[in-house]
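**Q** Got a structure here, written out as structure tokens. Questions coming.
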Amino acid sequence: MNVAIVKYNAGNIYSVVNALKRMGVEPLLTDDAEQLRKADRVLFPGQGHAAEAMDYLKARRLDEVIRNLNQPVFGICVGQQLLCKHSEEGDADCIGIFNAEVKRFQPERHEDKVPCMGWQNIDVRKNMEDGKCNPLMKGLCENPYVYFVHSYFVPICEETIATADYILPYSASMHKDNFYTCQFHPEKSGKVGERILKNFLEL
């Protein structure tokens, strides 16, 4: 399988590369449009500043490339946020797959720390018709724990497939068409995260 990771102005990409290698997958790290279009799976991970990341993507027209990909695409952490319509971080217009506005956490109590950092459990939503969860979340234990590091969040919306709660409930994972996302870091989330990455590759 040909797996590509979007190379752009964001940190933490190599932890995803290493996680895939541990699973026996040799991903291609690239900002080449043709390589991304040809890949069987595309991962869009990273940590960083939304506006700066979008500037990098737009300068290379990678925002258009990502928007028009037809194979399964997986946005992780800031990758989830950049797939939304707009982010408060740097007042950035983003790629726009999800019609959602990325917001900054606003602490309500002294113990509310921003960024949100550490292990939290997520609530995986199930389909009302068949009682099954989204294929990205297949085979997980009840309310699994995963690792988060973020100051901004996507509010719960129609495309939310898993939620988390820090200061307020928000989207931990989303899905629309061929685009899948996680706000948390599957590559740092142990066996749960490995299963999510495996599920993505098997979509």
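The values are calculated or read from the model by the stated rules, or taken from the named source; none is laboratory data. Predicted model only: the values in this text are computed from it and were never measured. Here Cβ is always computed from backbone atoms with ideal geometry, including for glycine, and neighbour counts include all displayed protein chains. Just the protein is used for accessible areas: all its heavy atoms, side chains included, with ligands, DNA and RNA removed. Shrake-Rupley method; radii C 1.70, N 1.55, O 1.52, S 1.80 Å.
**Q** Once amide H atoms are placed 1.01 Å from N in the peptide plane, what residues at a sequence separation of 5 or more from Ala100, or on another chain, have their amide H within under 5 Å of its amide H?
**A** Distant-sequence amide H within range of Ala100: Lys85, His86.
**Q** Only Cα pairs within less than 10 Å get springs; with that Gaussian network setup on the chain, which residue of Ser173, Ser189, Ser87 has the largest fluctuation?
**A** With Cα springs under 10 Å in the chain, the top fluctuation among Ser173, Ser189, Ser87 is at Ser189.
**Q** What are the ³J(HN,Hα) couplings of segment 21-38, residue after residue, when phi is run through the Karplus curve with 6.51, -1.76, 1.60 and θ = phi - 60°? Round to Hz, x for glycine and proline.
**A** 4, 5, 8, x, 10, 9, x, 9, 8, 8, 10, 8, 4, 5, 5, 5, 5, 7
**Q** If you add up the charges near Lys58, with Lys and Arg at +1 and Asp and Glu at -1, over every other residue whose beta carbon is less than 10 angstrom from its beta carbon, what do you get?
**A** Once all neighbours under 10 Å are counted, the net charge is -2.
**Q** Another question about this same structure. Would you mind getting the accessible area per residue of the chain, heavy atoms of the protein chains only, 1.4 Å probe, in Å²?
**A** Details: 9580 Å² over 203 residues.
Per residue, the chain has 47 Å² of solvent-accessible surface.
**Q** So, one more: At 222 nm, what value in deg cm²/dmol follows for the chain if DSSP H runs of at least 4 each add -39500 (n - 2.57) and the sum is divided by all its residues, to the nearest 500? Display every interim value, and only then the final one.
**A** Numbers: 6 runs with 49 residues, N = 203.
Value at 222 nm, helices only: -6500 deg cm²/dmol.
**Q** Mind listing the phi-derived Karplus ³J(HN,Hα) values for segment 179-190, rounded to whole Hz, using 6.51, -1.76 and 1.60 with θ = phi - 60°, and x for any glycine or proline?
**A** Karplus values, whole Hz, x for Gly and Pro: 9, 10, 9, 9, 6, 7, 9, x, 5, 10, 10, x.
**Q** At a 1.4 Å probe radius, carbon and sulfur cover how many percent of the accessible area of the chain?
**A** Working: 4280 of 9580 Å².
Taking all protein chains in place, the chain shows 45 percent carbon and sulfur surface.
**Q** Take the Cβ-Cβ distance between Asn2 and Arg22 as r, set R0 to 22 Å, and report the resulting FRET efficiency rounded to the nearest 0.05.
**A** FRET efficiency, Asn2 to Arg22: 0.75.
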